[in-house]
1. Quick query: amide H of GLY142 versus all other amide H atoms, modeled in the peptide plane; which residues come in under 5 Å with a sequence gap of 5 or more or a different chain?
2. What is the antiparallel percent of DSSP beta bridges lying wholly in the range 183-269, to the nearest 5?
3. Leaving out ligands, DNA and RNA, what percent of the accessible area of the range 174-251 is carbon and sulfur, probe 1.4 Å?
Amino acid sequence: MTDIRHQVADHLRFFDELGVTGISRDAAWRKRAAQSVAGFQSQAASSQSPVSTNELPAPGNQEPPRPAPRIPRPDVIHIARSSQEVLDAIRAEIGPDCSRCKLHTLGRRQIVFGVGNPDAGLMFVGEAPGGDEDIQGIPFVGRAGQLLTKMINAIQIERDDVYIANVIKCRPPQNRNPDPDEVETCEPFLFQQIDAVRPKVIVALGSFAAKTLLRTQDPISRLRGRVYDFRGAKLIPTFHPAFLLRSPDRKRDAWEDLKKARAILQDRDE
Ligand code: URA
């Protein structure tokens, strides 16, 4: 998009957020709209009952000129939006038929955005949707997802109370690892989701999510057992539930990681 089109789009979005749903075709309205926001009320009033020249103050009796009103700049005004509204906006931005990376040509059925409480204190980040998720459009609903739900319940939290998302939103063919270009394209949306939810704790599920988020090649076995600062949250890497299904002897480690997450959520040491 050209620069001017960006500016117009920003401007329209800003007015939309203010609740302005249309503009008048009346030329006088456009003239008023060109005035500053602060000056709008007095301008509107004067346009309804124009001041006749007879009513102008006599020379020598004139009021001192008023200082120019401060014009609020759209880019410094904070518009409060709920986490849900921000998540909805991110989902809309991705769109239902995203074609930003090659996965849209490789058999994915739909985008698997994320699920859960938009104001969750605890967020889980997995790798990518698998077959069941691709069908249902919801992350972690297959066998690994059922184990994840049990893990969440084990620390006395309901699945509906956390937020769950993946590094990438489309299923890679044959459940292969996401390619670097796919991650690069999709990961900014995950970051936006994290910034919308603002969780206190993020649990990175598995090697791929942990390595991607922490920008490291260290294996999960080295990364887990520690707590990292990440986008205003505490990040705890742990084993992926699919790995735990294959290696149940590592569940004890995952349990330690989840207890750590719960302790941070409750502001206590574990
Ligand atoms: N594995 C993941 O990493 N994410 C899912 O949503 C499902 C399985």
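The values are calculated or read from the model by the stated rules, or taken from the named source; none is laboratory data. On a predicted model such as this, the values are computed, not experimentally measured, just so you know. Each accessible area value is taken on the protein alone, full model and side chains, heavy atoms only, with ligands, DNA and RNA left out. Shrake-Rupley method; radii C 1.70, N 1.55, O 1.52, S 1.80 Å.
1. Under 5 Å from the amide H of GLY142 lie the amide H atoms of GLU133, each far enough along the sequence or on another chain.
2. 40 percent
3. Details: 1800 of 3860 Å².
On the range 174-251, the fraction of accessible area on carbon and sulfur atoms equals 47 percent.
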